[in-house]
Amino acid sequence: MRKRLLIIEDDFDVAELLTTYFQYADFEVAHGANGRDGVELARLTMPHVILLDVMLPDIDGYDVCTTLRQVALTRYIPIIFLTQRGERADKVAGLSLGADDYVTKPFDIEELCLRVNGVIDRAGRECLHERRTGLPTGCLVHDERIRRRETGESGLELALVIEHFEEFRDVFGFMAADELFSFAGHVVTEAVKQVGTTDDFIGVEGDAFMLMTYSEEPVALVEEIRRNFVNGARAFYPDVELQHGGVATAHGTRRSAATPLMVMQAYAYN
């Protein structure tokens, strides 16, 4: 699974250099040339990390960072500032807004790559972001749950569970299962973008997705997730399994569907 990087940078030459380098380093790269496009791309692509220029033509990077930190879907995405401002006060200002690192221009691109990977690896080691999806996990899910309860925000919390996922992993291996789980994360995220609200939160606990939603149509949201998951998950099975309606086990020359195909089920969180 490739790491996702968002570059928010108005200097075309710098953006092209970064895009080319990180694509060669096997990143999926998106680029926004101004602050507003960057905010929208962060929501659309859900990157593992954002490289954010401070000096942008419409709104500055500090305002972009503040905006991203105010929206549940993008609140926990790591951010590295890129700027020509090297003063201590500028660095403090950026870090105080919740940025994870601060790099001054001109920069060594190999060092920058190490910093990007370091931020991603640190989030994984500290159980802040789930490795297969890049979504918040561990204490970030716990903190978001506590924050919403303390502020009295009403909403529906659901556990989205992939039924028969363990059986799929046992038969087809961990690599196939990881790809499937990454796909499931994409399905949930896309459905929230289409049917949910900007205040909805998605996290991961174990092999389940935790969805905190304020959608006025939660049933429609869940059905969108379930339908898209079931349709897409079929691509992860060999044709013979699809023909038998499940993961078939061999008994001599006979095969039977011992385990049904995977589905996504929603359970209210207590």
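The values are calculated or read from the model by the stated rules, or taken from the named source; none is laboratory data. All of these numbers come straight from a predicted model, not from anything done at the bench. Cβ placement follows ideal geometry from the backbone for every residue including glycine, while neighbour counts extend to all protein chains displayed. Ligands, DNA and RNA are excluded from the accessible area calculation, which covers all protein heavy atoms including side chains. Shrake-Rupley method; radii C 1.70, N 1.55, O 1.52, S 1.80 Å.
For the Cα atoms of the chain, what angle does the longest principal axis make with the long axis of helix 174-195, in degrees from 0 to 90, nearest 10? Result, in degrees: 70. Using θ = phi - 60° in the Karplus curve 6.51 cos²θ - 1.76 cosθ + 1.60, the 3J(HN,Hα) couplings for the stretch 133-150 round to 10, x, 7, x, 8, x, 5, 5, 5, 4, 5, 5, 5, 5, 4, 5, 6, 5 Hz; x is entered for Gly and Pro. Taking the convex hull of the alpha carbon positions in the chain and averaging its projected area over all directions gives 16.2 nm². Between helix 35-45 and the chain, what is the angle of the helix's C-alpha long axis to the longest principal axis, kept within 0 to 90° and rounded to the nearest 10? Tilt relative to the chain: about 20 degrees. For D101, D10, the ranking by accessible surface with the largest value first comes to D10, D101, using a 1.4 Å probe.
What FRET efficiency, computed as 1/(1 + (r/R0)^6) with R0 = 30 Å and r the Cβ-Cβ distance, is obtained for Q194 and R2, rounded to the nearest 0.05? Computed FRET efficiency for Q194 and R2 comes out at 0.80. A straight line joining the Cα centroids of the stretch 24-102 and the stretch 179-250 runs 28 Å. Taking Cα atoms only, the orientation of helix 12-24 departs from the longest principal axis of the chain by about 40 degrees.
Note on E157 and A235: with the Förster distance fixed at 35 Å, the Cβ-Cβ geometry gives a FRET efficiency of about 0.70.
Return the percentage of antiparallel bridges among DSSP beta bridges fully within the chain, rounded to the nearest 5 %. Among the beta bridges of the chain, antiparallel pairing accounts for roughly 55 percent.
For the chain, the relative contact order comes to 15 percent (Cα pairs under 8 Å, sequence separation of at least 6). Ordered from highest to lowest accessible area with the whole protein assembly present and a 1.4 Å probe, T74, T259 read as T259, T74.
What the pair-distance distribution of the stretch 1-145 shows, using all Cα-Cα distances binned every 10 Å from zero, is 12, 46, 36, 6, 0 percent. If the segment from T104 to Y24 were pulled out straight at 0.36 nm per residue, it would be longer than the present Cα-Cα gap by 26.5 nm.
Compute the length gained on full extension between E40 and I59: take 0.36 nm times their separation in residues and subtract their Cα-Cα distance, giving the result in nm to one decimal. That pair, E40 and I59, stretches by 5.5 nm at full extension. Histogrammed with a bin width of 10 Å, the alpha carbon distances of the stretch 105-193 distribute as 13, 31, 34, 17, 5, 0 percent, first bin at zero. The modelled label-to-label distance between H186 and R149, using points 7 Å beyond Cα along the C-beta direction, is 3.5 nm.
Hydrodynamic analysis of the stretch 151-246 uses the Kirkwood radius over alpha carbon pairs. Inserted into Stokes-Einstein at 25 °C and 0.890 mPa s, it gives a translational diffusion coefficient of 171 µm²/s.
For the pair R75 and V92 in one chain, pulling the backbone fully straight at 0.36 nm per residue adds 4.2 nm over the alpha carbon distance.
Our coupling estimate for the stretch 156-165, obtained by passing each phi through the Karplus curve with A = 6.51, B = -1.76, C = 1.60 and θ = phi - 60°, is 9, 10, 10, 9, 9, 10, 8, 5, 6, 5 Hz, Gly and Pro reported as x.
The calculated P(r) of the stretch 1-85, using every Cα pair and 10 Å bins from 0, goes 19, 57, 23, 1 in percent. Take the Cβ atoms of T66 and H164, set R0 to 35 Å, and the FRET efficiency comes out at 0.25.
Computed over protein heavy atoms with a 1.4 Å probe, the accessible surface of the stretch 57-153 works out to 50 Å² per residue. Amide H contacts for L56 (H built 1.01 Å from N in the peptide plane; partners 5 or more residues away or on another chain; cut-off under 5 Å): G61.
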